[in-house]
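Encoded as C-alpha cells, the structure appears first; notes follow it.
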Amino acid sequence: QVQLVETGGGLVQAGGSLRLSCAASGLTFNRHNMGWFRQAPGQEREFVTAITWSGGSTLYTDSVKDRFIISRDNAKNTVYLQMNNLKPEDTAVYYCAGDRGLRPVLLTTRSAYVYWGQGTQVTVSS
C-alpha cells in the first residue's frame, strides 16, 4: 500500500518561506521520480517541480524557478520542497506525486505520476 503524506503547509506572509515534506511508504523510494504539483480553486492542477530517482536532475516551472528548491533524501524516503520569497499567487493545495518507477517518463505532466498524496494547503497573504 503506497502512501505519500505531505506536511509543512500553512499561512505565511508574502516574502516568507515554507518547507514542505513528503514522506513515502510502501514503495522502493529510490526507484521513483518524484514531483510536486499545485492546484488553486477553479484552476487545473499544475506542475511545479520534479526530481529524478537519484536526485541528479531537477525541473522547475518558470514561475517558481530561483525561488523554490526540490530535494530528496532517499535514506529517509522523503522529498522536500523549500519555498522561498513566497507570493500570493503561490497560494494553492500542494500535492506530492511519484511515478511508476519502471521507465523514463515526461515529468512535467500529471499523467506521468501514479501515486499522489492528499495535499497540503499553502496560503500566502499580501
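Here, each number is a calculation from the coordinates, and none is a lab measurement. None of the values given here were measured: they were computed from a predicted structure. In this analysis, Cβ positions are derived from the backbone assuming ideal geometry, glycine residues included, and neighbour counts consider all displayed protein chains.
Residues of the range 44-58 with an amide N closer than 14 Å to a point placed 7 Å from the Cα of Val2 along the Cα-to-Cβ direction: 53.
In the chain, taking the dipole from charged Cβ atoms about the Cα centre, the farthest positive-side position among Ser125, Leu27, Val79 is held by Leu27. Between Phe68 and Asn84, the built amide H atoms are under 5 Å apart, and every one of these is 5 or more places off in sequence or on another chain. When only Cα pairs below 8 angstrom with a gap of at least 6 residues are kept, the range 1-56 shows a relative contact order of 28 percent. A simple spin-label model places pseudo-atoms 7 Å from Cα toward Cβ; at Thr123 and Ala14 they are separated by 1.7 nm.
Taking only C-alpha pairs under 8 Å that are 6+ residues apart, what is the relative contact order of the chain in percent?
On the way: 310 pairs, mean separation 43.9, N = 126.
Worked out over the chain, it gives 35 percent.
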